[in-house]
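Here is the structure we will look at, set down as structure tokens.
Please treat every number below as a calculation from the coordinates, not as lab data. Worth saying up front: this structure is predicted, and the values here are computed from it rather than measured. Methodologically, a virtual Cβ is constructed for each residue, glycine included, from the backbone with ideal geometry; neighbour enumeration extends over all protein chains shown.
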């Protein structure tokens, strides 16, 4: 900081000083009958005060200059850990600025860490997605290489299975990429949830048929407030998991409950269930658990996406399970809420 800049910062102090000295000079002049003596006293007083003020300004400049020089050096250095290089505060004002600077640095570091975590998660998801989507592609190539002696209908049926897997993974990636822009792409309305469930069952009808899994649902129409497209995706992910982890000849059922606070959609299967130690982590991103790893067919993204989208819709997603017996996923629809706040 230059001396001129320091004096410029003191301009309000100097303005007040000039006003006070002008007022004192006028009082001294009118209160003394002998004007010559009054003028001499005024000159003496002004010169003395001017010298004292100059000494105060100059000493203050040299006292503050060391602090400003160190701050300037830190600013120009461009080092990442610059806060540790800053000098100690010389007064309360500087202390407040240093605290503000420290807070800004901490918030910046936190935001940077969040961005790095998100980038790492995205990279992990992309790598996992590429690995998973390559499997049906490789299986399709093997089908083509070993197509001799097989009927066209059988090949088409197998190819259809692999295309369904690719479609499922692509849909997951699409919805994953749109989570952050959810607020721009939803429309809450009164929808009949039975039809959404029927659409999901139809989507996975081939798996139901191949594994001879029975499906049961109450016939009474049920309406909820939600977004048709996003809720449909949530139901798809839950139903896909139910069919995937239910053995042949099993059962998937859908039921509804209601009380004064909420409506509940319950999707239950009598499949392999979830271990107790894994139950609290099934909604975490990329978590497959011991069941998913042993079956080698879980990306750990389906329930994570279902949970995230359900929360954004204002719903709650809970799960109950007992290993070897059943798994029950419940979507809670609170009756009183303002969707404009989503």
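Here the extension length gained between residue 219 and residue 37 equals 54.5 nm, from 0.36 nm per residue of separation less the Cα-Cα distance. Percentage of Cα-Cα pair distances in the range 137-244 greater than 22 Å, rounded to whole percent? Here the long-distance tail beyond 22 Å is 47 percent of all Cα pairs in the range 137-244. Taking all Cα pairs closer than 8 Å and separated by 6 or more residues, the relative contact order of the chain comes to 11 percent.
Taking 59, 140, 128 in turn, the Gaussian network model of the chain (Cα-Cα springs below 10 Å) assigns the largest fluctuation to 59.
Principal axis extents of the Cα atoms in the chain, from largest to smallest and rounded to whole angstrom, are 126, 53, 36. Label-to-label distance, residue 50 versus residue 178, with points set 7 angstrom from Cα along the beta-carbon direction: 7.7 nm.
Take the Cβ atoms of residue 142 and residue 259, set R0 to 41 Å, and the FRET efficiency comes out at 0.20. In this calculation the C-beta distance from residue 4 to residue 101 is compared with R0 = 41 Å, giving a FRET efficiency of 0.95. Taking 269, 236, 219 as the candidate residues, the one with maximal mean-square fluctuation in a Gaussian network model of the chain, Cα springs under 10 Å, is 219. Using a Gaussian network model of the chain whose springs link C-alpha atoms within less than 10 Å, name the residue from 141, 281, 264 with the highest mean-square fluctuation. Top of the fluctuation ranking is 141. Against the chain, whose longest principal axis is taken from its Cα atoms, helix 92-145 shows a tilt of about 20°.
Computed over the chain, the per-residue total of -39500 (n - 2.57) for DSSP H runs of n ≥ 4 gives a 222 nm mean residue ellipticity of -20500 deg cm²/dmol, rounded to 500.
I need the calculated FRET efficiency for the pair residue 58 and residue 126, taking r as the beta carbon distance and R₀ as 56 Å, to the nearest 0.05. Computed FRET efficiency for residue 58 and residue 126 comes out at 0.35. Against the chain, whose longest principal axis comes from its Cα atoms, helix 228-244 is set at around 50 degrees. Computed from Cα positions, the angle between helix 193-203 and the longest principal axis of the chain comes to roughly 60 degrees.
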